[in-house]
Amino acid sequence: MTGAGATYLFGVYSKDIKSSLGYDQTTLNLLGFFKDLGANVGVLSGLIAEITPTWFVLLLGSGLNFAGYFMIWLAVTNRIAKPKIWQMCLYICIGANSQTFANTGALVATVSNFPESRGVVLGLIKGYTGLSGAIMTQIYLAVYGNDSKSLILLIAWLPAAISVAFMYTIRKMSLVRQPNETRIFYHFLYVSVFLALFIMAMTISQNLVSFSQRAYAGSATVVIFLLFVPLFMAIKEELNLWEMSKQPKVAVDDVKVDNMDHGQDQLVNPSSLEPKSKGKESCFANVFLNKPERGEDYNILQALLSTDMLILLVATFCGLGTSLTAVDNLGQIGESLGYPTQTIKSFVSLLSIWNYFGRIFAGFVSEILLVKYKFPRPLMFTLVLFLSCIGLLMIAFPVPGSVYVASIIIGFSFGAQLPLIFAIISELFGLKYYSTLFNCGQLGSPLGSYILNVRVTGPLYDREALKELAKKGLTRSAVKELVCIGSHCYRLSFIILACVCCFGATASLILVMRTREFYNGDIYKKFREGAQVVQPKPALPPK
């Protein structure tokens with residue numbers, strides 16, 4: 001998943017696309033929309049995952065990643081003739097769509113393997129995706145220096161290589177719960193938090209002090225080592241399980257499930273979770289009437305045409321649409337406010353790091369609050385959207401240094417939205433068609449990006465830039481690149497974004513009211529039915 005977040009680096013290399021190909025901001029935002037379209041419309045990857053093994057999904061995604069971004073690198077470095085705008089849109093859409101294949105392969109397999117810890121594992125997995133932009137920035141500085149055009153080349157080959165290297169290890173498994181499952185998840189969390197803090201320290205240091213190529217290489221080496229620490233932990237755990245398997249087995253067939261109430265860990269028998277066969281049923285049956293209860297397995301049409309899903313789509317249109325617009329324009333926002341290039345890269349890295357913290361927070365904290373206090377996940381989603389409004393207003397009305405704070409707030413809230421959306425969909429509509437439904441749940445995101453980024457933010461920026469040219473007595477044809485400098489460049493557009501985000505939070509509140517009874521119940525009950533209790537390893541007699 002550290003290779004599945006290359007789209008968050010668009011703010012770093014978008015300046016190279018704009019200058020080398022002579023685009024205005026509206027055209028660049030159109031590219032940003034097609035990036036978001038590819039990154040969020042994962043219905044194809046979801047449908048492919050329904051009928052093919054996970055390794056094939058990951059292999060196909062790696063091919064799309066390399067093909068799309070490699071063509072962009074060839075265009076930006078003038079190794080091919082200048083592509084038409086629609087061709088560049090196609091290239092970035094294909095490259096970004098590879099992200100949905102990695103997401104589908106990893107998320108569906110993991111949620112299926114750990115259904116009672118879905119908030120935790122979604123937070124971890126999406127957390128590494130959010131951190132991937134900062135991770136790849138450290139690697140590209142070590143390999144290519146400050147050549148941001150080469151970052152596009154790194155994005156082309158590195159994620160593709162990662163998917164190919166690990167595609168056979170990611171799969172659905174008929175596993176039972178291990179006694180220390182939660183403890184291992186928290187160990188993974190501690191490692192990832194240390195990794196995020198290290199990258200943040202390096203990002204701040206690199207902005208304050210001039211790093212040599214050797215120093216960049218040292219920083220990247222530590223990052224790569226920390227990425228592999230969870231693998232060492234997993235190997236150690238496998239060795240422990242292997243040692244336990246050599247101990248005499250304890251019969252557990254007659255153990256009652258009531259023991260789970262006493263805090264003992266359980267082994268879940270996957271066969272008990274399979275829905276009872278009811279014979280063949282048309283996909284159009286019971287689409288509008290006689291739908292399943294919340295938490296049961298909806299079919300695809302039942303879920304997509306439900307009121308809950310429509311409200312969720314409106315909220316994601318507003319929340320993810322505004323956040324993506326802010327992320328895609330972050331480079332130009334820094335430029336318009338007079339920040340140097342290195343500082344703008346720091347904004348992108350800070351956004352990526354706090355994107356990670358948002359995902360981890362949403363995953364772990366929402367799971368704890370849900371299990372202990374019945375705190376509904378849609379309510380946390382609502383609070384996150386209201387937080388995002390504050391960050392958007394800080395860009396609309398900037399003060400010295402406010403973009404640092406805004407990038408942290410927007411990154412955190414953007415990151416927190418995704419695990420919450422994916423978990424809510426899995427809880428309301430079941431896991432049977434999860435690979436398709438969670439991808440459908442993101443459909444509001446690219447639509448929001450198109451309307452808010454391409455139709456609102458880009459034209460308003462260009463209008464302000466043209467006003468500046470007119471004051472100088474120049475026309476658009478007199479300059480290759482259309483640039484606006486000043487706090488007014490993004491003011492009106494980000495006021496509009498803040499209002500839209502607030503509307504999305506209000507829509508999410510409606511979902512909270514509709515689902516409050518569901519979340520007050522035991523939403524994981526069916527995953528514990530037919531459970532077996534893990535018997536602790538028998539103590540050896542003293543010698």
Seminar exercise, completed: Lys pairs in the stretch 1-170 with Cα under 23 Å (8 or more apart in sequence, or on separate chains) total 14
Problem set entry | Dipole of the chain, positive end: most advanced residue of LEU195, TYR13, LEU301 [Cβ charges, Cα centre] | TYR13
Seminar exercise, completed: Among THR137, ALA234, PHE166, the residue whose Cα sits farthest towards the positive end of the charge dipole of the stretch 124-253 (+1 at Cβ of Lys and Arg, -1 at Cβ of Asp and Glu, taken about the Cα centre) is PHE166
For this session: Could you sort 177-188, 322-333, 45-56, 499-510 so that the peptide with the highest average Cβ count within 10 Å comes first and the rest follow in order?
Result: 322-333, 499-510, 45-56, 177-188
For this session: Using only Cα atoms, tell me the angle between helix 491-520 and the longest principal axis of the chain; keep it within 0 to 90° and round to the nearest 10.
Result: 10 degrees
Problem set entry | Cα-based helix-to-principal-axis angle, 148-166 vs the chain, degrees rounded to 10 | 20 degrees
Exercise. Which value, in Å², gives the accessible area per residue of the stretch 297-536 when a 1.4 Å probe is used on the protein heavy atoms?
Worked result: 35 Å²
Problem set entry | Spread of Cα-to-Cα distances over 5 Å intervals beginning at zero, given as percent, for the stretch 55-184 | 2, 10, 16, 19, 17, 14, 9, 6, 4, 2, 1, 0
Exercise. Within the stretch 297-536, what is the number of lysine pairs with alpha carbons under 24 Å apart, leaving out pairs fewer than eight places apart on the same chain?
Worked result: 10
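Between ILE368 and PHE225, what is the FRET efficiency for a Förster distance of 35 Å, r being their Cβ-Cβ separation, to the nearest 0.05?
For R0 = 35 Å, the calculated efficiency reads 0.75.
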Exercise. In the full protein assembly as shown, how much of LYS84 is accessible to a 1.4 Å probe, in Å² to the nearest 10?
Worked result: 130 Å²
Exercise. Over the heavy atoms of ASP24, what accessible area does a 1.4 Å probe trace out, to the nearest 10 Å²?
Worked result: 40 Å²
Exercise. Where does the Debye-calculated log10 I(q)/I(0) of the chain sit at q = 0.07, 0.08, 0.12 Å⁻¹, using only Cα point scatterers of equal weight, no solvent?
Worked result: -0.41, -0.53, -1.15
Exercise. Hey, if you put +1 on the Cβ of every Lys and Arg and -1 on every Asp and Glu Cβ in the chain, which of GLY486, ILE451, SER407 ends up farthest toward the positive end of that dipole?
Worked result: GLY486
Problem set entry | Magnitude of the charge dipole, the stretch 1-170, Cβ model with Lys/Arg +1 and Asp/Glu -1, debye to 20 | 340 debye
For this session: For the stretch 297-536, with all protein chains present and a 1.4 Å probe, just round the carbon and sulfur fraction of the accessible area to a whole percent.
Result: 69 percent
Seminar exercise, completed: Regression test value, accessible area per residue of the stretch 1-170, probe 1.4 Å, units Å², expected 30 Å²
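Could you check how much of the accessible area of the stretch 1-170 is carbon and sulfur, as a whole percent, using a 1.4 Å probe?
After summing per-atom areas, the C and S share lands at 70 percent.
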Problem set entry | Estimated inter-spin distance, ASN240 and SER20, nm [label 7 Å along Cα→Cβ] | 4.9 nm
Exercise. Which value, in debye to the nearest 20, describes the size of the charge dipole of the chain about its Cα centre when Lys and Arg Cβ atoms bear +1, Asp and Glu Cβ atoms bear -1, and nothing else is charged?
Worked result: 720 debye
Exercise. Which whole-number percent is the relative contact order of the chain (Cα, under 8 Å, 6+ apart)?
Worked result: 25 percent
Problem set entry | Given charges at beta-carbon only (K, R positive; D, E negative), |dipole| of the stretch 297-536 in Debye | 220 debye
Exercise. Which value in deg cm²/dmol, rounded to the nearest 500, describes the helix-derived mean residue ellipticity at 222 nm for the chain, given -39,500 (n - 2.57) per DSSP H run of n ≥ 4 and division by the residue count?
Worked result: -23500 deg cm²/dmol
For this session: May I ask for the angle, rounded to the nearest 10°, between helix 458-471 and the longest principal axis of the chain, with both axes built from Cα atoms and the value confined to 0 to 90°?
Result: 20 degrees
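The values are calculated or read from the model by the stated rules, or taken from the named source; none is laboratory data. Since the model is a prediction, treat every value here as computed from it, not as a measurement. Glycine also receives a Cβ, built like all others from the backbone with ideal geometry; neighbour counts cover every protein chain displayed. Heavy atoms of the whole protein, side chains included, go into the accessibility calculation; ligands, DNA and RNA do not. Shrake-Rupley method; radii C 1.70, N 1.55, O 1.52, S 1.80 Å.
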